[in-house]
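All remarks here apply to the structure that follows.
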Amino acid sequence: MEDVGGFGAMLGVDYRPYEYFSVGIRTRYGYYTFDDGTSWSTDKDGYPIPPKRDYARLEYKLTSPQIGLVPKLYLALNTLSDDPFYLFLENELSFGWMSGDFKYNGKPNVKRSFTEPILSYNVALGLEFKWNKETNDNSVGASIGYSTLNFRNKIREHQPDGYIGRIPNQDAILMVNLFLRIPLR
């Protein structure tokens, strides 16, 4: 239970002047949660039993609205036919805000709230299918990517003085995106 979990939604606008290149602006809203799964319990007589792990419990719930600039490169998978499949590579530089609560249930037991700016870089590789290649109409696709978003530094910045507890790596790392593209014409 050392992994960050979360989900989000994106809405964006792409401008594609060439078949192999586009640039877009994207808004993103993310919700992230973490609970390391350690907790104190009690025995049959009601005496406390410490967690089996050697570090204190950490929990958080964070939200993060962001806006990003997204250049994208495309490669037609079969240029000899009208096959409307494209492989794409996208790079996103996002800026936004992160806010939420950290609960440090170690020694001392503290809850901290915060709101701060964040910057992240995301890269993804995906596949897009177009319904009508001639008119560049609707398309669907999916991508899998990597994000530099890491909550570990924010957790350390807000931990209480004298806090005893291990803070695991908190990389967001893996993103899976599904999308539906509709032209504005």
Open item on the list: Heavy atoms only, 1.4 Å probe, whole protein assembly: order Arg181, Arg112, Arg28 by accessible area, highest first.
Closed with: Arg112, Arg181, Arg28
Task: Length gained when the stretch Asp14-Asn91 is fully extended (0.36 nm per residue, less Cα-Cα span) - done: 26.4 nm
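Take the Cβ-Cβ distance between Leu174 and Tyr47 as r, set R0 to 45 Å, and report the resulting FRET efficiency rounded to the nearest 0.05. Before the final figure, lay out the partial values.
On the way: r = 41 Å, r/R0 = 0.92.
Efficiency at R0 = 45 Å is approximately 0.65.
The values are calculated or read from the model by the stated rules, or taken from the named source; none is laboratory data. Nothing here was measured: the structure is a model prediction, and the numbers come from that model. Note: ideal-geometry Cβ built from the backbone for every residue, glycine included; neighbour counts use all protein chains shown. Only protein heavy atoms, including side chains, enter the accessible area calculation; ligands, DNA and RNA are left aside. Shrake-Rupley method; radii C 1.70, N 1.55, O 1.52, S 1.80 Å.
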